[in-house]
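What follows is calculated from the coordinates using simple rules that are stated; it is not laboratory data. Model, not experiment: these values are computed from the prediction. Cβ atoms come from the backbone with ideal geometry, glycine included; neighbour counts cover every protein chain shown.
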Amino acid sequence: MYKFFLLLFTEILVLGACKGPEYYKNHYTLEPAEKHLEITIGSETKNFVYYSQFVRIGTENYLGILNFERNRVEIYNLNTRKLFKELQFYSDGPEAFGEVSGFFIENPDSLVVDCFYQRVVGISDGNGKVEKKISYDRDVNGRPFKLTPPWIGLRPYKVGNVINFLQVYQAEESNGILTEEKRKETYLNVALNTISGESITLPLTYPEEMIGHDITGATNVMRTIGFQECFIYHFWNLDNLFVTSDHKTFKKFPIESNYKFKFNTECYKYIYDIRAGLVNSLSHDMVRDMLYDEYHNCYYIFIMKRNEYLDAGSDIFLKMKFPDCFILILNKDFKHMGEVFLPDNTYSFQFSFITPDGLYISEDHPNNPDFDEDFMRFRLFKLEKL
């Protein structure tokens, strides 16, 4: 009888354990290369970059960066590690276009440049001359836009001749809380056809799960474009990814991770206190960027780790600019592949790009002992099976 009860008790423990939180085994990791990629930059170029694009043309690898302060696009040849060309744009004068906020490299002699502030796109030749301008301040029905600055996880994506801009919303009229009535107006994507010049607001809106949540803040949505040109969205206080292929409906996928998220749920009360708002943000986890690796059919989710014990004298503006992140690796079906935790105060995660060789992450963190403002330095990480 004693053995019977012992066996029964053991089975109860085992069954109880099986019902506990799921554990995801790491099957893959990101293995750092021994040497970093180093590119010399001029005195007018900074190694903190808001917008960049990697393109492969033939056998040549190019990295384009936006020199925001100088209003120019600089394209570097990664094969030679040298500056390939500079395209200067002007805010005034006979060749005025405006302040460039983003770009798409079609080929070395053709770029599409975006001026977010004036809501205009330009078709430029390889020397920076804008040959065509397209305004996108309203859609074909006269509806104004609520577009995001085109940086990191807020960047637009070009598919064929169509540029897809992201829209985000606030809810000041309801103290930051999204209502069902407001949700019906939260159209997420604006599609600009660069041939016809028409802008169309697509019907997809914030998911129902966001109703009742605080949506204060300009970065309450992050997204990327992924497998078979689907769009993947993350809404900042939900532990799910939302995927659409038609910008009409979503499919929802839980974020599979062993890390226990603590996302931000209240921001409205900090709208008049910038420092308190930043401290509140830093004390919560946040998806900062999402990248799709087309060469390995997987996603890298960059997640800012919360810091609930900030030093009173710490530079919170620096911490938001250079957050400490870990990388969640998901396959094309959003299943867990691995989680990679990298040393703090080493990487500048907002400046990352993917090549056939792997994932490159900037090492230009001001607290990195190897930091040098005369170079752009990247560490290559290769996806490796464990």
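Here are E209, E173: which of them is touching a residue at least 12 places away in the same chain (Cβ under 8 Å) and over 30 Å from F103 (Cβ atoms)?
Just a single option satisfies the conditions, and that option is E209.
Out of (1) closer than 22 Å to P156 by Cα; (2) outside any strand (DSSP E or B); (3) touching a helix residue (DSSP H, G or I) at 6+ places or on another chain (Cβ under 7 Å), the odd one out for Y295 is which?
The failed condition is (3).
Hey, any hits in the stretch 92-102 for a residue that's assigned to a strand (DSSP E or B), closer than 20 Å to Q350 by Cα and touching a residue at least 60 places away in the same chain (Cβ under 8 Å)?
no
Return yes when G128 is in contact with a Ser or Thr (Cβ under 8 Å, 6 or more places away or on another chain), of a type outside the set (D, E) and crowded, with 19+ Cβ neighbours inside 10 Å and no when it is not.
So G128 does not fit the description; no.
Considering the stretch 327-356 alone, what residues qualify as being crowded, with 21+ Cβ neighbours inside 10 Å and either free of Cβ contacts under 8 Å to residues at least 40 places away in the same chain or of a type in the set (V, I, T) (or both)?
Those that are crowded, with 21+ Cβ neighbours inside 10 Å and either free of Cβ contacts under 8 Å to residues at least 40 places away in the same chain or of a type in the set (V, I, T) (or both): I327, I329, Y347.
Give me the pairs, please: first residue somewhere in the stretch 367-386 and among the polar types (S, T, N, Q), second residue anywhere and part of a loop (DSSP other than H, G, I, E, B), beta-carbon distance under 9 Å, and either six or more positions apart or on two chains.
N367/F322; N367/D344; N367/N345; N367/T346; N368/N345; N368/T346; N368/Y347
Output the residues belonging to the stretch 103-131 that are assigned to a loop (DSSP other than H, G, I, E, B) and not basic (K, R).
Matches in the stretch 103-131: P108, D109, F116, Y117, Q118, G126, N127, G128.
Which of the residues belonging to the stretch 321-354 are touching a strand residue (DSSP E or B) at 6+ places or on another chain (Cβ under 6 Å), of a type outside the set (F, W, Y) and closer than 20 Å to E384 by Cα?
Matches in the stretch 321-354: C325, I327, L328, I329, L330, N331, M337, G338, E339, V340, S352, I354.
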